[in-house]
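Contents: one structure, followed by commentary.
What follows is calculated from the coordinates using simple rules that are stated; it is not laboratory data. No experiment lies behind these values; they were computed from the predicted model shown. Methodologically, a virtual Cβ is constructed for each residue, glycine included, from the backbone with ideal geometry; neighbour enumeration extends over all protein chains shown.
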């Protein structure tokens, strides 16, 4: 809670009130460990999932502009754990590119996102489970 207050430049009582309100709305879950109270997102909440999808869609839209040009303005879809709000700090970024498989340098994206980027191409649609996951993803471009 103190970290949240510090980051937002709020007093700890104000931060606590806001976090409790978000918990009442089922957006956060609290967990008391000793004298400390920790909060995390309620991933099963529909609104929380939507906010996560919007966050990643917005973040990736700006930083994929060069990639979008490189693949001749074909479709880019975010899928996997990030698109489902099931991600962790070390989760990778799964992107589907609507092109035939080819070598694409992802180092700039990985540096910007501080995450590994996995690219998937048209061939991935041959795998039924992967195709379904891609279809349920978030279109970035």
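Structure notes:
- Simple label model, 7 Å out from Cα along Cβ direction - residue 127 to residue 69, nm: 3.1
- Helix 46-63 vs. the chain, principal-axis angle (Cα, 0 to 90°, nearest 10): 50
- Separation between Cα centres of the range 86-110 and the range 8-45, rounded to whole Å: 32
- Approximate spin-label separation residue 40-residue 21, in nm, with each point projected 7 Å along Cα-to-Cβ: 2.5
- Dividing the summed -39500 (n - 2.57) terms of all DSSP H runs of n ≥ 4 by the residue count of the chain sets its mean residue ellipticity at 222 nm at -12000 deg cm²/dmol.
- Over the Cα atoms of the chain, the radius of gyration divided by the Kirkwood radius equals 1.07; this is the Rg/Rh ratio.
- Chain lengthening between residue 90 and residue 114 when straightened (0.36 nm per residue, less Cα-Cα): 7.7 nm
- Cα shape, the range 2-41, gyration tensor, a/c 1.5 rule: oblate
- Relative packing of peptides 51-63, 22-34, 73-85 - highest average C-beta neighbours within 10 Å first: 73-85, 51-63, 22-34
- Under 14 Å from the residue 6 label point (7 Å along Cα→beta-carbon), backbone N, the range 21-39: none
- The C-alpha atoms of the chain define a longest principal axis, and helix 12-24 lies at about 60 degrees to it.
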